[in-house]
Every structure is written in structure tokens, then in C-alpha cells.
Amino acid sequence: MLNMSRRDFVVSTGLAAALGLNARLVTPAFAQKTPDPAKPFTTYKVGSAEVTAIYDGIWEKAHDPAFIANASVEDVKAAMVKAGLPADFVSIPFTVAVVKTGGKTILCDSGTGGQVQPTAGKLAANMKAAGIDAGKVDTILISHFHPDHIFGLMEKDTNKPVYPNAEIIVSDVEYKFWTDPAVIDKLPEARKGLARRIQAVFPTWKNIRQVSGEPEVAPGIRFVSAPGHTPGHRAFHLSSGSSQLMISNDTAYVPALVVANPGWHGAYDQDAPTAEASRRKLLDRVIADKIMICGYHFPFPGAGTIAKDGTGYALTVMKS
Ligand SMILES: [Zn+2]
């Protein structure tokens, strides 16, 4: 039961239905402990731009001594408690920001597509609830090519594009890294399948635009280079009037851990020292410029402010 896959879950709930049982009585080992937000979307303004944070779900990650190279599981548990979160797993929610600005609807990353964790994949339903028509998305900005950020672009099994009419904008560094045939041999086993899927899909799509550096990619939104998590990882900087928002994506991954302890090196960062340098630079910029920040894995709705706190930083998240 502990390693129950999504398929096992479907089979067991199907079996329960066949036996005339209430599927909810069959509680899988991964039953979600964190309640979904009462309202799965939150809209706020950044100048004249409208940002809607949309909940896709959560990964309640089991503790693993290899997760943070220079901190113990006990340290990780203590950091979760300090942030007001449960200690028995690492809370990794997924939140997609949709920005409406300059007459455009811009998606910031694409969610898990229900293909990463059985407790995530709610983006499409919650987008609809927020009144955002997926068919009217003009632009999708992709921070990096990890599954929880790109699988929402492609249908499960068929890889059919979910947004065939939107322009998908990606960093050229990230695109070249993952589509290089030689990368598969260099990647750890757990990432080889991801690279194969990317190589089978992205080069066949005509609506992907690669950009270099830190250009403006949508009205008032610029890419910000923040490598380390992956080679071409990007944050997105939104500016409207005198207001700004740093859409930090995975620069500060789980803030309870690495905003509080920016020197912690996570297994999820491909190049941990570079990721740490990018993180410190971005958090210092947000503090210096007194601007709001949001993060893909920040506690929902994921937007807040950063302050210095001893040797680290502290995040104050706005209420949903
Ligand atoms: Zn992520």
C-alpha cells in the first residue's frame, strides 16, 4: 500500500464501486492529509495587472535523508514546524499563476496535468471555477522542464498538446539542455524518462518559442535568469505602474526549508551551489526593491513578502 500507484488507486476504487462500496471508504495510504483550500483560487492586483493563483494540488513528500544534503531529517521536520506546517511529511503544493495584463491571458507554468502525484491535477477544474477559459490562454511562460511544471502542457499517454493555440515561451538554455540527445546518458536514472518524453514531444510542436537572456516575454513581464535548480531555470518579473511581483517559480522551492535556510542544498537542485547563489540574489532583490514575491510551491495562495531573518529570510504569505 505504501507505494500505491495512481493505477492501483483507480483499480481499488473501481473494485469498491463494483462491490457496491463507497469508494471513500477505501482509504489509500497516500490519502491527502492537507485539506484543499476552501476557495481554490485567489485573485489580486499588481498595478493594473490581475493575478489569479490557482491551486493544482499538493505532494505530501515522505521524509528522505537525501532530500537536503546538509541538513538532517530532524532539521527538516523542525523547519516545517517552525513554518506552521505538519512535521510528518514535506508539504509541496503546486500553484499556477495566471496573469491578465495588456489584453493577454498568460499562464505561468502549466501544472502537473494529473501526471505527477495522485493528489494533484486540479488545475483545469479550478481554472474553470475561477472563470478562466483554457482555450483563451494566449501565452504560457515555462520556468523549467521539471514534470510538475510542464506535464500540464501534454495529455497523459497521447502527449497531445493541451494548449495548441497558445504560444509557449521557454529559455533557450533549458530547451537545449533537455533536447540534447546526449543528455539522457548524463542524467540520473530518475530523470531519463523525463528527457525522453521532452525529446519525443517538444520538437514536434510549432508553438514553442525559445528566448535568450532576460527579455520581455509578455506585456510587463520579463524572464529573470535564476539557474541552478535546472540549467535554464527562469523567474518571471511582472511590473505594472509602480507595482511589481517576482514570480519566483522554484528559485526558493519549499520556502519553509530554503527561504529560512538559504544555504541548504536540496536534492532537487541540479547544481546546488548555483541554485543557492540564484536564490540569495533573487531574495535580496525582492527585499531591496520592496516588491511582492510568489512561488510555485509556496503555501497557497503563494504570494507574500520576504524579509531578512537572522542568517536567512522569512516569508509572510498573504491570506487566501
Ligand atoms: Zn517544481
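The values are calculated or read from the model by the stated rules, or taken from the named source; none is laboratory data. These numbers were taken from a predicted model, which means no experiment stands behind them. With ideal geometry, Cβ positions are generated from the backbone for all residues, glycine too; neighbour counts draw on all protein chains shown. Accessible surface is based on the protein model in full, side chains and every heavy atom, while ligands, DNA and RNA are left aside. Shrake-Rupley method; radii C 1.70, N 1.55, O 1.52, S 1.80 Å.
Structure above, values below:
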{"item": "Filter result for VAL217 (surrounded by fewer than 22 Cβ atoms within 10 Å (Cβ to Cβ) and more than 16 Å from the ligand (Cβ to nearest atom))", "result": "yes"}
{"item": "Segment 89-109, subset away from the ligand (no atom under 16 Å from the Cβ) and not in a strand (DSSP E or B), residue nearest to ASP271 (Cα to Cα)", "result": "PHE89"}
{"item": "TYR313 vs. criteria within 14 Å of the ligand (Cβ to nearest atom) and of a type in the set (Ser, Thr, Tyr)", "result": "no"}
{"item": "Exclusive hit being open to solvent by 10 Å² or more (accessible area, probe 1.4 Å) and among the hydrophobic types (A, V, I, L, M, F, W, C), set ALA200, ALA166, ALA195, ALA235", "result": "ALA200"}
{"item": "Close pairs from segment 254-265: first under 14 Å from GLY310 (Cβ atoms), partner assigned to a helix (DSSP H, G or I) and charged (D, E, K, R), Cβ under 8 Å, at least 6 apart", "result": "ALA260/LYS82; PRO262/GLU276; PRO262/ARG279; PRO262/ARG280; GLY263/GLU276"}
{"item": "Residues (over 15 Å from LYS319 (Cα atoms) and either part of a strand (DSSP E or B) or away from the ligand (no atom under 16 Å from the Cβ) (or both)) located in segment 286-305", "result": "VAL286, ILE287, ALA288, ASP289, LYS290, ILE291"}
{"item": "Filter result for LEU282 (assigned to a helix (DSSP H, G or I), under 30 Å from ILE68 (Cβ atoms), touching a helix residue (DSSP H, G or I) at 6+ places or on another chain (Cβ under 6 Å) and within 16 Å of the ligand (Cβ to nearest atom))", "result": "no"}
{"item": "Tabulated pairs, segment 166-192, first under 20 Å from TRP205 (Cβ atoms) and among the polar types (S, T, N, Q), second open to solvent by less than 20 Å² (accessible area, probe 1.4 Å) and at pLDDT 95 or above, C-beta under 6 angstrom, 6+ apart or interchain", "result": "SER171/GLY232; SER171/ARG234"}
{"item": "Test: residue in segment 64-75 that is more than 16 Å from the ligand (Cβ to nearest atom), in a strand (DSSP E or B) and in contact (Cβ under 8 Å) with a residue 40 or more places away in the chain", "result": "no"}
{"item": "Residue in segment 126-133 that is crowded, with 16+ Cβ neighbours inside 10 Å, more than 20 Å from ASP269 (Cα to Cα) and over 18 Å from the mean Cα position of the chain (by Cα) present", "result": "yes"}
{"item": "Condition met for PRO86 (touching a helix residue (DSSP H, G or I) at 6+ places or on another chain (Cβ under 7 Å) and either open to solvent by less than 70 Å² (accessible area, probe 1.4 Å) or not in a strand (DSSP E or B) (or both))", "result": "yes"}
{"item": "Residue list for segment 136-154, restricted to those being assigned to a loop (DSSP other than H, G, I, E, B) and within 16 Å of the ligand (Cβ to nearest atom)", "result": "ILE142, SER143, HIS144, PHE145, HIS146"}
{"item": "Leading residue by the ranking (nearest to VAL217 (Cα to Cα)) among those in segment 110-135 that are within 16 Å of the ligand (Cβ to nearest atom) and outside any loop (DSSP other than H, G, I, E, B)", "result": "LEU123"}
{"item": "Contacts under 7 angstrom Cβ, first residue in segment 283-309 being under 20 Å from ILE142 (Cα atoms) and open to solvent by less than 10 Å² (accessible area, probe 1.4 Å), partner more than 16 Å from the ligand (Cβ to nearest atom) and part of a helix (DSSP H, G or I), 6 or more apart", "result": "ILE293/VAL286"}
{"item": "Residue in segment 262-272 that is part of a strand (DSSP E or B), surrounded by fewer than 18 Cβ atoms within 10 Å (Cβ to Cβ) and out of contact with any Cys (no Cβ under 7 Å at 6 or more places or on another chain) present", "result": "no"}
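The rows are residues; the columns are (1) closer than 28 Å to ALA200 by Cα; (2) of a type in the set (S, T, N, Q); (3) open to solvent by 50 Å² or more (accessible area, probe 1.4 Å); (4) touching a Cys at 6+ places or on another chain (Cβ under 7 Å).
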{"residue": "PRO65", "(1), (2), (3), (4)": "no, no, yes, no"}
{"residue": "VAL73", "(1), (2), (3), (4)": "no, no, no, no"}
{"residue": "THR95", "(1), (2), (3), (4)": "yes, yes, no, no"}
{"residue": "GLY102", "(1), (2), (3), (4)": "no, no, yes, no"}
{"residue": "HIS146", "(1), (2), (3), (4)": "yes, no, no, no"}
